[in-house]
1. Counting only residues that are closer than 19 Å to Leu206 by Cα and in a loop (DSSP other than H, G, I, E, B), which one in region 111-157 is least open to solvent (accessible area, probe 1.4 Å)?
2. Looking only at region 328-352, which residues are closer than 15 Å to Ile180 by Cβ, in a helix (DSSP H, G or I) and open to solvent by 10 Å² or more (accessible area, probe 1.4 Å)?
3. Can you go through Thr103, Thr196, Thr160 and tell me which one is within 16 Å of the ligand (Cβ to nearest atom), among the hydroxyl-bearing types (Ser, Thr, Tyr) and either out of contact with any Asp or Glu (no Cβ under 9 Å at 6 or more places or on another chain) or assigned to a helix (DSSP H, G or I) (or both)?
4. Determine if region 201-221 includes at least one residue that is surrounded by 15 or more Cβ atoms within 10 Å (Cβ to Cβ), over 19 Å from the mean Cα position of the chain (by Cα) and assigned by TED's automatic domain parsing to the domain that holds Lys309.
5. Got a sec? Which of Trp350, Trp330, Trp317 is away from the ligand (no atom under 12 Å from the Cβ), more than 12 Å from the chain's Cα centre (by Cα) and not basic (Lys, Arg)?
6. Is it fair to say Gly226 is surrounded by fewer than 17 Cβ atoms within 10 Å (Cβ to Cβ) and within 30 Å of Tyr38 (Cβ to Cβ)?
7. Name the one entry in Ser21, Ser92 that is modelled with pLDDT of 95 or more, hydroxyl-bearing (Ser, Thr, Tyr) and in contact with a Lys or Arg (Cβ under 8 Å, 6 or more places away or on another chain).
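The values are calculated or read from the model by the stated rules, or taken from the named source; none is laboratory data. The shown structure was predicted, so the numbers you read here are calculated from the model rather than taken from an experiment. Glycine also receives a Cβ, built like all others from the backbone with ideal geometry; neighbour counts cover every protein chain displayed. Please note that ligands, DNA and RNA were not included when accessible areas were found on the heavy atoms of the full protein model with its side chains. Shrake-Rupley method; radii C 1.70, N 1.55, O 1.52, S 1.80 Å.
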Amino acid sequence: MMEETQPKISSGLEGIYIQESKICKVDGINGRLYYRGYSIETLNDNSDYEEVCYLLLYGRLPKKDEFEKFKSDLRNERTVSTEVMYLARSLSKKMHPTDVLKTAVSALASEDEELADNSPEANARKAVRLISKIATLAAAIERARNGKEPVAPDPSLSHTDNFMYMLTGSKPSSGQSKLINTMFILHAEHSSNASTFTTLVAGSTLADIYSSVTAGMAALKGPLHGGADEAALKMMMNIGDPGNTEQYIEDALAGKQKIMGFGHRVYKTYDPRARILRSYLEELRNDKDPETRRLIEIAIRAEKLMIDKLGNSKGIWPNVDFFSGPLYVWAGIPPELFTSIFAASRMVGWCAHLLEYWTNNRIFRPLEFYTGELDLKYVDIDKR
Ligand code: ACO
């Protein structure tokens, strides 16, 4: 038998390009991020999440009438069927909200009459439904966890303001509104990260859009990816007093633990999304809420120590998940909801990538180099 030669294995697919794409540029050397050519700083300063959704899905900024129609389409899709809402609310008592949301998004397929239509036009309409309905579900799930009825969407509010409204029952303050819009924009898209790649792998089999994004949501959940924001905040809560920060981090690093919210496969410098969130931290450093101030002090001390120890030496810098926690706490959002908000924001990125990939689909099928034994003799169960 011919011997196979040992191939070069790229653990974690590091350094492997899977396709050409026009959606997102992650410049990990210079710490820059672009959606369809616009820097996230430009979009955060000038745009809002609904416009960013249009940009990501359709490849350019909308004209006025196009934007009005898109917003109205999004707003018209906010309700979910009684069955899916019942499912989500019932599961909320027992499961983590991220898991409930994943199950409920998967179940949304049951109410889409265009499910079997895989045309680009139908898939674009399904993307709008998914972006809209996932926010409704995320808010309702959190309320159900606390024994509260869902709040009906308010069509006069933007996507992100309406999310806060459906979550809390009140319109957000201007500060909350600005923050949640930023959060949604910064989490909307990030090239072929683990969850987007997983979405594409499922989509490449020509599974429908609901199945594909559900696969992506499963990948998002882990603490090495979208679950890192909840884990980072929980670490800050464990640290307790800001004065404990340095010792806590030193001990964790000495014990070979990873500090959640730091490090990135692509960024070997400060994550530009983290830099934007860091500026919010400065604004809120003297906030009247002592819990916000305490968490911010811990985050800032941890950031300094980590950069001193691992920044230039190892390329480990804060990522988007590190500073979200104190900011969400300030906005009244509980840690268990962080990853759901990430998923709700990222839905557009997953859909944009699926729509792009399906224009030139090819099933993903990488290889493994087998190192086990061959042609073993079968031994009867009584003789093993
Ligand atoms: N804290 C301490 N050390 C770290 C951290 C960290 N957060 N991240 C990486 N390292 C160290 C590793 O221990 C390893 O050290 P070694 O070479 O001495 O063994 C080295 O840096 C390389 O780390 P890998 O895990 O191999 O890097 P990889 O590119 O595979 O992983 C990842 C990237 C998963 C983001 C990693 O940095 C990590 O686990 N970070 C913490 C989790 C996190 O914040 N995830 C969110 C990422 S952003 C997002 O998904 C939205």
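1. Checked region 111-157; the qualifying residue least open to solvent (accessible area, probe 1.4 Å) is Asp112.
2. Scanning region 328-352 gives Val329, Trp330.
3. After ruling out the rest, the residue left standing is Thr196.
4. no
5. The match here is Trp330.
6. It is false that Gly226 is surrounded by fewer than 17 Cβ atoms within 10 Å (Cβ to Cβ) and within 30 Å of Tyr38 (Cβ to Cβ).
7. It is Ser92.
Conditions tested, residue by residue: (1) in contact with a Gly (Cβ under 6 Å, 6 or more places away or on another chain); (2) charged (D, E, K, R).
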{"position": "Ala331", "(1), (2)": "no, no"}
{"position": "Leu354", "(1), (2)": "yes, no"}
{"position": "Arg362", "(1), (2)": "no, yes"}
{"position": "Leu367", "(1), (2)": "no, no"}
{"position": "Gly372", "(1), (2)": "no, no"}
{"position": "Lys377", "(1), (2)": "no, yes"}
{"position": "Arg384", "(1), (2)": "no, yes"}
